[in-house]
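The values are calculated or read from the model by the stated rules, or taken from the named source; none is laboratory data. This one's a predicted model, so the numbers in the text were calculated from it and none came from an experiment. Because the Cβ atoms are built from the backbone with ideal geometry, glycine has one as well, and the counts that use them run over all protein chains shown.
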């Protein structure tokens, strides 16, 4: 999973003339817009998938986020970096999904089968032809446990934790994305790690 | 640094999220304390365990998301550079084609009458049209000049003023008011526009304009007006997020007082962190006292970690 953080860092540091692409896309250049999407969309989908643990919702977030970017790019004034702006859009949409889910008390993606906790999203890997069965089983079990632990977090704690731990973003940037201070994001991360550790203690 | 403090800092230390001074203090404590060193090893094992979770997004999923996005964008039919105001007009035109034929005929007839009226107003005088003083350019700039075999072509950008009249319920009027909320040069126009939009906040575009004003407008009068306009939306997530941001960052105590008053009409856990931060940093006694009282009412800790 360290790879994920490296991917984000690599994207952020890529020698892509991002400002040029944004300006071109603002003038209606579709190719420039597509290049911008491709620079970030894997990270966007991964964040949505990891936060929501639902492929359908992750697809919705992907589409909603990039359509929002497309519709509002003309108003982007370079006040912050593009990735901060994009991730703010993505995390806000994910947070809305998580909160709506909490209100509706939707069915969890993590289920207790009686033989252990299973994350239904992790079952997606089952179809991969290259996978080793034992490794698959371990991954499923671990993903189930981690998924269960993540569900014990509040939507905000979960978002901060995912962005810090799995995406490797700094707390200052995360605070900016979710509209809070670095200090508040720090408190959130602290609470999240405490809860996660308590849930996963038996595995450590 | 003692053991309790070190153990509390270990998660942030492992993420490199402590200051260099705290880092040095942690490290000098760890060098002398076997219990805390064991705790650090244990915490690192926990982080390693988390890192074993695999990425569940597949290339095929990404490819299908890209394809769906391309389809959705091509169905938008207007380029990204075009303003949403223009797009709304396009949407309006498109939705007209969805009207039942019974309504289309009279609406179409009225549109033709209107078109004739405006065509007459804007047709140059030499074609017998009515010259409108309102259509005189307010501002113009020459973009290019070109001599093509004795015929001079001059490209001129012009800004013209015209008056649009309608009720507050008229979507076009609302859209223009939303644009006016973002009118940079005149705070008076922004305050008036927000005042007129306060009963139209059911529209997401209107709410977003008010949130934008609350977050970014340099004029505190405009920001106060925006809070007033958002009063009935105090439970909305985006509104609460903006209010929290204002409470922590706005430099005007009057705006912060209004923000905390509105934010605390609804109690939910999401504001606990913000209130704790306010208690730590706020200079204004009223706001600090109010935050402490609310945290106590919510049975939350007044201090932060």
On the given criteria, is residue B:147 more than 30 Å from residue B:214 (Cα to Cα), at pLDDT 60 or above, more than 34 Å from the chain's Cα centre (by Cα) and in a strand (DSSP E or B)? yes
Can you name every residue in segment A:28-75 that is facing chain B (nearest Cβ under 10 Å) and part of a loop (DSSP other than H, G, I, E, B)? A:28, A:29, A:53
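From the residues in segment B:221-240 that are within 13 Å of another protein chain (Cβ to nearest Cβ) and part of a loop (DSSP other than H, G, I, E, B), which one is surrounded by the most Cβ atoms within 10 Å (Cβ to Cβ)? Quick ask: steps written out before the conclusion?
From segment B:221-240, those within 13 Å of another protein chain (Cβ to nearest Cβ) are B:235-240; that's our starting set.
Restricting the remaining residues to those that are part of a loop (DSSP other than H, G, I, E, B) gives B:235-236.
Values: B:235: 10, B:236: 16.
Checked segment B:221-240; the qualifying residue surrounded by the most Cβ atoms within 10 Å (Cβ to Cβ) is B:236.
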Would segment A:175-190 turn up any residue that is surrounded by 23 or more Cβ atoms within 10 Å (Cβ to Cβ) and more than 10 Å from chain B (Cβ to nearest Cβ)? yes
Go through segment B:182-204 and report how many residues are crowded, with 16+ Cβ neighbours inside 10 Å and closer than 24 Å to residue A:95 by Cα. 1
Does residue B:12 count as surrounded by 15 or more Cβ atoms within 10 Å (Cβ to Cβ), more than 41 Å from the chain's Cα centre (by Cα) and without any contact (Cβ under 8 Å) to a residue 40 or more places away in the chain? no
State all residues of segment B:255-284 that are more than 21 Å from residue B:207 (Cα to Cα) and in a helix (DSSP H, G or I); if no residue qualifies, say none. B:269, B:272, B:273, B:274, B:275, B:276, B:277, B:278, B:279, B:280, B:281
Do we have residue B:66 as over 30 Å from residue A:150 (Cα atoms) and modelled with pLDDT of 85 or more here? no
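What about residue B:4, is it more than 11 Å from chain A (Cβ to nearest Cβ) and on the phi < 0 side of the Ramachandran plot?
On the way: more than 11 Å from chain A (Cβ to nearest Cβ): yes; on the phi < 0 side of the Ramachandran plot: yes.
Yes, satisfied.
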Would you say residue B:248 is more than 11 Å from chain A (Cβ to nearest Cβ) and on the phi < 0 side of the Ramachandran plot? no
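Report those helices (runs of 4 or more DSSP H) wholly inside segment B:165-219 carrying at least 1 residues which are more than 11 Å from the chain's Cα centre (by Cα) and modelled with pLDDT under 85.
Filter on segment B:165-219 gives B:187-197.
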Can residue B:30 be described as within 30 Å of residue A:182 (Cβ to Cβ), in contact with a helix residue (DSSP H, G or I) (Cβ under 8 Å, 6 or more places away or on another chain) and either without any contact (Cβ under 8 Å) to a residue 60 or more places away in the chain or more than 7 Å from chain A (Cβ to nearest Cβ) (or both)? yes
At the interface with chain B (Cβ under 8 Å from one of its Cβ atoms) and buried (at least 20 other Cβ atoms within 10 Å of the Cβ), is that true of residue A:164? yes
Restricting attention to segment B:234-245, report how many residues are over 13 Å from the mean Cα position of the chain (by Cα) and under 11 Å from residue B:214 (Cβ atoms). 0
Out of B:295, B:243, B:247, I need the residue that is touching a residue at least 40 places away in the same chain (Cβ under 8 Å), in a helix (DSSP H, G or I) and closer than 21 Å to residue A:182 by Cα. Which one? B:247
